[in-house]
Amino acid sequence: MNEITSSFSEKEAAEMATAMVEDTMERFIDVANVDRVYGEPIAKDDTLIIPAAEVMGGLGLGAGFGMGAVKEKQEERQADEGGGGGGGGGGRVQSRPVAVVVAANGDVRVEPIIDKTRIVLTAIVANGILFLFLARMFRRRKSLFR
Amino acid sequence: MSLIHIKTSRGKPVMAGEVEITPVARSWRLNLPTVPGQKRALILNRPRAVEIRGSGGRRQTLPVRDRTRRSQLAICAGASALALALLTKRKRDS
């Protein structure tokens, strides 16, 4: 890192870090492309199938750089004056099938894909929260009547 | 950069016999506010519809509906409505 701080000015290093963050973010934003949602068409005999999925993603990035002493001119700094930089980030992208577009014999239709597991899990969680809410509500009522 | 960016995009048309199918997708991008040197974003990209053009030039748009998401929202809405109704009833009784 000391070699890097001696090769680049503080401004150049900050610009490099910012450019890296911007470039990574631009690649992530590519998730919003229509090609990520619709898959390659699959042809079988006279039938064409196009899969469609929902894509969700989140990304966080950060980079920073600093020098030990603030000097106006780079020549006034010494190589071992101190400085450093770093960066990090994390993200996740997930997709879920939503529907299938089927084209056969001149007719096109959209067949939805229903994820029963996800629906059942949602029902269990919603009912669980509702049960806890009701239990707390009736417990308070009991304490009022004591 | 705006906080929310909504974009509708069309893909390459695909030929299925004499029918042309154009996929349409809609994306929502949420740019979270940060300090300089940081970037945070959330993206949701989902299929919206398919545009169909027949041999006679007739156009039709078929929506792509997410049945799973709608069922989930219906369950959550039902549970919330029930909880709200019970809470309201309890406040009236007390």
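Couple of notes before you dig in:
- Shielding of B:27-36 by partner chains, average beta-carbon count, 10 Å: 3
- Acute angle (nearest 10 degrees) that the helix B:67-93 long axis makes with the longest principal axis of chain B, alpha-carbon atoms: 20
- Summed over qualifying helices (DSSP H, 4 residues or more, each -39500 (n - 2.57)) and divided by its residue number, chain B shows a 222 nm mean residue ellipticity of -10500 deg cm²/dmol.
- Ligands, DNA and RNA aside, residue B:71 has an accessible area near 40 Å² when probed at 1.4 Å.
- Largest-first ordering by accessible area, 1.4 Å probe, given options A:25, A:20: A:20, A:25
- Gyration tensor analysis over the Cα atoms of chain B returns equivalent ellipsoid semi-axes of 39, 26, 9 Å (largest first, whole Å).
- Per residue of B:71-79, other chain Cβ atoms within 10 Å of the residue Cβ number 5 on average.
- Dipole magnitude of region B:32-94 about its Cα centre (Cβ charges: Lys, Arg +1; Asp, Glu -1), debye to nearest 20: 100
- Per-residue mean of C-beta atoms belonging to partner chains within 10 Å, peptide A:118-131: 4
The values are calculated or read from the model by the stated rules, or taken from the named source; none is laboratory data. A quick note: this is a predicted structure, and the numbers were derived from the prediction, not measured. Backbone-built Cβ (ideal geometry, glycine too); neighbour counts: all protein chains shown. Quick note on the areas: whole protein, heavy atoms, side chains included, nothing else; ligands and nucleic acids left out. Shrake-Rupley method; radii C 1.70, N 1.55, O 1.52, S 1.80 Å.
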